[in-house]
Ligand code: UD1
């Protein structure tokens, strides 16, 4: 298929691009590079020997997007482009709505102009908010507790209404749990700017000597070891879920939501232990109070994705940590030069 990939240079976009090209799909990447590096696309080229086009553009630039879509004539879009930091989303609320919601409106206008009727959307388990029960299934109420989550929930609603507004349209909403790890080659991975907020990139930077110690946000949760439990998913498994969703989007109409995780909960202490085993030494860590807004546990019921997409996660925690460490140790500063802030 011809697939237009927004945000294809980002962490999940670049890994998905490798899987898409590996399956013989053709791609046009549209990325503004505002929070990603063109080097990620060079690495995709190197890993796949694949050929794809790329265009530097902001998804809010409807005219550019429309021209690109009319020229490329995509049969489907995979929409990753967006702002994704929970902490920052409170401070830059209008920017988050502009990029994540208005940007999606702009993309749909370009798709309509090019008569493209299928979209796979990069959503998040954060749309569920506080768990009413676990594991989350897709019928759990949608009640995000932060601005980032609100923008994802609004974009989901928008895509659902778009899909229902005309015959033959399909919108598949993939609700990611906690994506981690890196490509098996060690050539691609997550490249956060500034101090990482998320556990795994922070832990990797502690192991690499860029940060002094991991701060464990709370060890008094009602979980087996007191630390927060999450459903971490290897980025390559997640990438493959998009390829499976693409096949599904050819066969169905309307909107469908899918949880994408492993279904297994892993605590912060367990992750730290796994990382220490892989690097072969203890890593400095400190216990701190709970981080505001965090929940004790998040875990996915992925049976719908297993059944309808014919997809399931294959990689385990050791694969996640080993691949992340291979990437981090070979590329201590990601795709760029050592930053000034140290
Ligand atoms: C966060 C976002 C979520 C987003 C996801 C991306 C919130 C409330 N949610 O999820 O919307 O989709 O990132 O992967 O921010 N932890 C530490 N020390 C650290 C960092 C994290 O102990 O330095 C703990 C947290 O308390 C949590 C676990 O590690 O228990 C995972 O945290 P994190 O990687 O930030 O992901 P989430 O908070 O689950």
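No value in this document is a laboratory result; all are computed from the given coordinates. This structure is a prediction, so every number in the text was calculated from the model and none was measured. Cβ coordinates were reconstructed from backbone atoms using ideal geometry, including for glycine residues, and neighbour counts include every protein chain displayed.
As a calculated quantity, the FRET efficiency between residue 314 and residue 112 at R0 = 35 Å, using C-beta atoms, amounts to about 0.45.
The angle between the Cα long axis of helix 11-22 and the longest principal axis of the Cα atoms of the chain comes to about 60 degrees, rounded to the nearest 10.
Compute the Cα gyration tensor for the range 1-157, then decide on rounded, prolate or oblate, letting a ≥ b ≥ c be the square roots of its eigenvalues: rounded whenever a/c is under 1.5, prolate when a/b is larger than b/c in the other cases, and oblate in all that remain. In terms of gyration-tensor shape, prolate. Multiplying the residue separation of residue 164 and residue 329 by 0.36 nm and subtracting their alpha-carbon distance yields 54.7 nm.
Helix 317-330 and the longest principal axis of the Cα set of the chain meet at an angle near 90°. Distance from the Cα centroid of the range 161-202 to that of the range 54-71 is 21 Å (rounded to whole angstrom). Here the alpha carbons of the chain define both size measures, Rg and Dmax, at 19.2, 58 Å. Seen through its C-alpha gyration tensor, with square-root eigenvalues sorted a ≥ b ≥ c, the range 75-149 comes out oblate because a/c lies at 1.5 or above while a/b is not bigger than b/c.
With the cut-off at under 13 Å, measuring from each backbone N in the range 4-30 to a point 7 Å along the Cα-to-Cβ line of residue 49 picks out 22.
Using R0 = 45 Å, the C-beta based FRET efficiency linking residue 95 and residue 215 works out to 0.95. Neighbour counting of Cβ atoms within 10 Å sorts the residues 302, 116, fewest neighbours leading, into 116, 302.
For the chain, the longest principal axis of the Cα atoms and the long axis of helix 62-72 meet at an angle of about 70 degrees. So if we plug the beta-carbon distance of residue 288 and residue 193 into 1/(1 + (r/R0)^6) with R0 = 25 Å, what FRET efficiency do we get, rounded to 0.05? Efficiency, from the Cβ-Cβ distance: 0.60. Is the range 30-103 best put as rounded, prolate or oblate by its Cα gyration tensor, with a ≥ b ≥ c the root eigenvalues, rounded for a/c under 1.5, and otherwise prolate when a/b is larger than b/c, oblate when not? Cα axes put the range 30-103 in the oblate bin. Its DSSP H runs of at least 4 residues, each contributing -39,500 (n - 2.57), put the calculated 222 nm mean residue ellipticity of the chain at -11500 deg cm²/dmol, to the nearest 500.
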